[in-house]
Amino acid sequence: MALLQNIKVRLTAAILFMAYACTYGCYATGVIRFDRIIAASICGDSISQNAMLDSLRPAVDAMARIGILENDDLDGLKKYAEGRAFRFFAPDIDARLDYDKFAARIDSTIHAVTSLLPEISVPKHVYGIITPYNQSVMNVDSVMLIGLNHYLGADYDAYSYFEPYLRRQKDSRKAAYHIAESLVQQRYPYLADSTATALNYMIHDGAVTAALMAAVPEASLADAGGWTPEELLWLEQHESELWEAMKAKKMLQTSDPKTLSQLFAPSPGTLIFENHAPGRTGRYIGYRMVRSYLDSDPSADISDLLTPTGYMDDASEISGCYHPASM
C-alpha cells in the first residue's frame, strides 16, 4: 500500500511539474516559475503538496543551502510563502513582469554564452524565484536561481530608496546581462595573487564585458557596463584622456584595494579622476583594450583572456595593442 502511495505521489509530481512549467514558460533550459507553483500548490492536499516538493527538489535544496529556505521540506516552503518578501512581491511580479518575454531572453542568453564559451555548462535547472537577498542571480552547483523581484522596473516604488545607478539595474532587460556575467564569472573567476595589478583586473573585466556583448541579444555597451547612454558618450569622448591619467598616476600597476574598487565597482562616479568620470571607468577602458587586442589578432579568443595566462602573463602584449588616441 505504501509503495502504491509513493508511486501515486511521484506520478502526480511529474504531471504537476509539466503542467506548471509549460503554463508559465517552458523553454529549452526549463525556466520555471518557482514562485507561482508555490503559490498555487502550498495550500493543497498532502498529495499535491508532496508532489510539488518532489518536482521542485533541485530548487528547494539550492535555496535551503544558501539560506533562502529555513528547511528543505514542506514546512520550509510554507514559511517561505508566508514570508514578507513573498507576500509583498508576488502580486507585482505578475502585474509588472512580461514573464514569457523575460524567460525567452534568458533562454537565448544562456545558450549564447555556452556556445561562445563551451567550457561553461548549461545550468540543469533554472528557476524564477522571490528572494530576500540583494543578489539577483545565484548559481548553486547546476541550479540557477533568478530573483524576479529584482526586475520590476527602475520606476517601481519599492526601489525608490536605491540610488539611480542601482535602480537602473532593476529593469527586466538587465537580467540577461546579470545572468551571462554570473555564468562567465563562475567558470572564469578572477584569480589574483600578490603580483596582480589593476591592469590584470582590467583585462579580465574587459573580457567579461566582451563576452556579454557577444552573448546577450541586441546587446548595448551602456547596459553591459551599467551606464546611461549619456555616461557612455562621456567615456567615449574622454577615453584617451582617462587612459593617459591612469598611466600618469601609475594606476595600472597598483594593487591597492581602494583604487581597484573605485575603478571597477558599481558606483555613481569614479572620483579618483579630477573631472569625476562615470562609475566603472576601469571596466570601460578594459573592454576597449580587450576589443583592440581581439580586433588586431583574429586568432585570439575571448576565453584566452579570461584565464590567468591571458590577463596575467599576456597583460603587456594586450595593453600594447591599445592606443585610444588613434582610435
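Taking residue 281 and the conditions (1) more than 22 Å from residue 213 (Cβ to Cβ); (2) among the β-branched types (Val, Ile, Thr); (3) surrounded by 20 or more Cβ atoms within 10 Å (Cβ to Cβ), which numbered condition does it fall short on, given that it satisfies the others? Among (1) more than 22 Å from residue 213 (Cβ to Cβ); (2) among the β-branched types (Val, Ile, Thr); (3) surrounded by 20 or more Cβ atoms within 10 Å (Cβ to Cβ), the lone unmet condition for residue 281 is (1).
What number of residues within the stretch 90-128 are assigned to a helix (DSSP H, G or I) and either touching a strand residue (DSSP E or B) at 6+ places or on another chain (Cβ under 9 Å) or in the same structural domain as residue 303 (by TED's automatic domain parsing) (or both)?
Residues meeting the conditions: 8.
Listed conditions (1) under 26 Å from residue 53 (Cα atoms); (2) touching a helix residue (DSSP H, G or I) at 6+ places or on another chain (Cβ under 8 Å); (3) modelled with pLDDT of 95 or more are all met by residue 121, apart from (3).
Of all the criteria given as (1) at pLDDT 85 or above; (2) surrounded by 18 or more Cβ atoms within 10 Å (Cβ to Cβ); (3) more than 22 Å from residue 140 (Cβ to Cβ), the one not satisfied by residue 16 is (1). Among the residues making up the stretch 143-189, those that are part of a loop (DSSP other than H, G, I, E, B), without any contact (Cβ under 8 Å) to a residue 24 or more places away in the chain and among the small types (Gly, Ala, Ser) are 154, 160.
Restricted to helices (runs of 4 or more DSSP H) entirely inside the stretch 207-272, those with at least 2 residues that are under 16 Å from the mean Cα position of the chain (by Cα) are 221-225. Selection of the stretch 182-197 for residues being touching a helix residue (DSSP H, G or I) at 6+ places or on another chain (Cβ under 6 Å) and either closer than 27 Å to residue 149 by Cβ or crowded, with 22+ Cβ neighbours inside 10 Å (or both) yields 183, 184.
The set of residues in the stretch 222-241 that are crowded, with 20+ Cβ neighbours inside 10 Å and not small (Gly, Ala, Ser) comprises 223, 227, 231, 235.
The values are calculated or read from the model by the stated rules, or taken from the named source; none is laboratory data. The structure presented is a predicted model; accordingly, all values stated were derived computationally and were not measured. Glycine gets a Cβ as well: all are built from the backbone with ideal geometry, and neighbour counts include every protein chain shown.
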